[in-house]
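The values are calculated or read from the model by the stated rules, or taken from the named source; none is laboratory data. Computed from a prediction, not measured in an experiment: that's the story for all the values here. Heads up, the Cβs are rebuilt from the backbone with ideal geometry, glycines too, and the neighbour counts pull from every protein chain shown. With ligands, DNA and RNA removed, areas are computed over all heavy atoms of the protein, side chains included. Shrake-Rupley method; radii C 1.70, N 1.55, O 1.52, S 1.80 Å.
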Amino acid sequence: PVVDLSTIKKETPSDIIQAEVMNGCGVNGVADRFTDYLRDHNIDIVKIGNYIQFDIDETLIIDRIGNKSNAEQVAEILGVKKGNVITQLNDDYFVDVTIVIGRDYFEQTPIVKD
């Protein structure tokens, strides 16, 4: 039988995951630490910046393209719990995944491993 690949929901991570790292906790340098760690794990970080607010309690991994497995893979690399992986589709974003670093940053792998 012929399988129409366009109807199969993407459930495997992309070969190259492009992401942005946003500081949502206000701690200086934390986005750089996460960026270096993610790049060491083959995640293509295309943007680093501040989130719209600095009172995010828990780190969030946001799927931007409808392939949640990309976000789940990033969450696994960072040690972020699956419950903090969400989907917010936005055509204005040119990334697969947005990482919003929360006040729990010190519990995440890039900080714990040091």
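Filter the stretch 44-69 for residues that are over 19 Å from Ile16 (Cα atoms), part of a loop (DSSP other than H, G, I, E, B) and either in contact with a Leu (Cβ under 6 Å, 6 or more places away or on another chain) or open to solvent by 40 Å² or more (accessible area, probe 1.4 Å) (or both) and give the result.
Once the filter is applied, which keeps residues that are over 19 Å from Ile16 (Cα atoms), part of a loop (DSSP other than H, G, I, E, B) and either in contact with a Leu (Cβ under 6 Å, 6 or more places away or on another chain) or open to solvent by 40 Å² or more (accessible area, probe 1.4 Å) (or both), the stretch 44-69 yields Tyr51, Ile52, Gln53, Phe54, Asp55, Asp57, Glu58.
The residue of the stretch 90-114 that is most open to solvent (accessible area, probe 1.4 Å), among those that are touching a Gly at 6+ places or on another chain (Cβ under 8 Å), modelled with pLDDT under 95 and not polar (S, T, N, Q), is Glu107.
Considering every residue within the stretch 77-85, establish whether at least one is of a type outside the set (Phe, Trp, Tyr), in a loop (DSSP other than H, G, I, E, B) and without any contact (Cβ under 8 Å) to a residue 24 or more places away in the chain.
The answer is yes, given that some residue of the stretch 77-85 is of a type outside the set (Phe, Trp, Tyr), in a loop (DSSP other than H, G, I, E, B) and without any contact (Cβ under 8 Å) to a residue 24 or more places away in the chain.
Please tell me if Glu72 is open to solvent by 20 Å² or more (accessible area, probe 1.4 Å), in contact with a helix residue (DSSP H, G or I) (Cβ under 8 Å, 6 or more places away or on another chain) and either outside any helix (DSSP H, G or I) or at pLDDT 95 or above (or both). For Glu72, the condition - open to solvent by 20 Å² or more (accessible area, probe 1.4 Å), in contact with a helix residue (DSSP H, G or I) (Cβ under 8 Å, 6 or more places away or on another chain) and either outside any helix (DSSP H, G or I) or at pLDDT 95 or above (or both) - is met.
Pairs meeting the criteria (first residue in the stretch 90-114 and closer than 13 Å to Tyr51 by Cβ and among the aromatic types (Phe, Trp, Tyr), second residue open to solvent by less than 30 Å² (accessible area, probe 1.4 Å) and at pLDDT 85 or above, beta carbons under 6 Å, at least 6 apart or on different chains) are Tyr105/Cys25; Tyr105/Val30. For the stretch 23-38, a tally of residues being in a helix (DSSP H, G or I), out of contact with any strand residue (DSSP E or B) (no Cβ under 6 Å at 6 or more places or on another chain) and not hydroxyl-bearing (Ser, Thr, Tyr) returns 3.
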